[in-house]
Amino acid sequence: NAGVTQTPKFRILKIGQSMTLQCTQDMNHNYMYWYRQDPGMGLKLIYYSVGAGITDKGEVPNGYNVSRSTTEDFPLRLELAAPSQTSVYFCASSRQGDLYNEQFFGPGTRLTVL
Amino acid sequence: QKEVEQNSGPLSVPEGAIASLNCTYSDRGSQSFFWYRQYSGKSPELIMFIYSNGDKEDGRFTAQLNKASQYVSLLIRDSQPSDSATYLCAVMTGGTSYGKLTFGQGTILTVHP
């Protein structure tokens, strides 16, 4: 199993451009999450999904959109990129939202907006 | 007050010593607590979780939970240079937050030979 994969690994955007960060998991997990991590900080939840067709906002959703058409894929869309969106983005998945369940993280996408 | 707060680092300990990492949380409804380790430039990986008051041991790692004091800690015994990383405390609550984690800002640990 590859686990959670993310593409691209690195990306530089100009202000106002848009892009989609891809996330795929092969563990048949119901729950998927998008986090951002700013330097020296913890992880902030952007969006999450409890299953195909169901998504909800996290702590910092402004400027982002998501969709979940399949169990495996959970892409994150950035519209009109701003310097404040410069960060490392992590996708994660878990089997279900059980209190004792482990979230598995992808390798991350490092995004710079200039 | 931050929802999840960790002791400010960085923390530096000599090889073989005990490293103590602390975390406090504000939501009394929090039910499950996680410690993730994150090496520089890598993604977080789970090393411990705890949900009952008291201690939970796994090898050189011990997690301690005190819900009355809203406090969770991680002890690393016989610290090794390979333990040098950022340690993230994460808290999961029930109800509408079911399945979501709130992370602290992390504590950087350096173990020097």
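Distances between placed amide hydrogens fall under 5 Å for B:GLY106 paired with B:GLN6, B:CYS89, all partners being 5 or more residues away or on another chain. For the range B:33-82, the relative contact order comes to 24 percent (Cα pairs under 8 Å, sequence separation of at least 6). Backbone amide hydrogens, once placed in the peptide plane, bring A:GLU102 within less than 5 Å of A:ARG95, excluding anything fewer than 5 places away on its chain. 3J(HN,Hα) along the range B:49-57: 9, 8, 9, 10, 4, x, 10, 9, 10 Hz, from the Karplus curve 6.51 cos²θ - 1.76 cosθ + 1.60 with θ = phi - 60°, whole Hz, x for Gly and Pro.
Over chain B, what is the mean sequence separation of C-alpha contacts under 8 Å (at least six apart), divided by residue count, expressed as relative contact order in percent?
Numbers: 281 pairs, mean separation 41.4, N = 113.
After rounding, I find 37 percent.
In sequence order, the range B:19-26 has phi-based couplings of 9, 10, 10, 10, 8, 10, 9, 9 Hz under the Karplus curve 6.51 cos²θ - 1.76 cosθ + 1.60, θ = phi - 60°, and Gly or Pro positions carry x.
Scalar couplings 3J(HN,Hα) for the range B:65-78, obtained by applying the Karplus form with A = 6.51, B = -1.76, C = 1.60 to θ = phi - 60°, are 10, 10, 5, 4, 8, 6, 9, 9, 9, 10, 10, 10, 8, 6 Hz; x denotes Gly and Pro. Each principal axis of the range B:1-98 carries a Cα extent, and these read 41, 29, 23 Å when sorted largest first.
Spin-label pair A:ASP73-A:PHE10: with each label point 7 Å from Cα along the Cα-Cβ axis, the two points sit 2.7 nm from one another. Between B:TYR39 and B:HIS112, the modelled labels are 2.2 nm apart [label points 7 Å from Cα along Cα→Cβ].
Student exercise: in the protein assembly as shown, how many lysine pairs 8 or more apart or on different chains have Cα atoms under 12 Å apart? Don't jump to the answer; show the numbers that get you there.
Working: A:LYS9/B:LYS42; A:LYS44/A:LYS57; A:LYS44/B:LYS100; A:LYS57/B:LYS100.
Counting lysine pairs in the protein assembly as shown gives 4.
Computed over chain A, relative contact order equals 36 percent, with contacts defined as Cα pairs under 8 Å that lie 6+ residues apart.
Calculate how many DSSP beta bridges within chain B are antiparallel, expressed in % of all such bridges and rounded to the nearest 5. Please list the in-between numbers first.
Numbers: 39 of 43 bridges.
Counting DSSP beta bridges with both partners in chain B, the antiparallel share is about 90 percent.
A short reminder: the numbers here are calculations on the coordinates, not readings from a lab. None of these values were measured; they are calculated from a predicted model. All Cβ positions, even for glycine, are placed from backbone atoms using ideal geometry, and neighbour counts span all protein chains on display.
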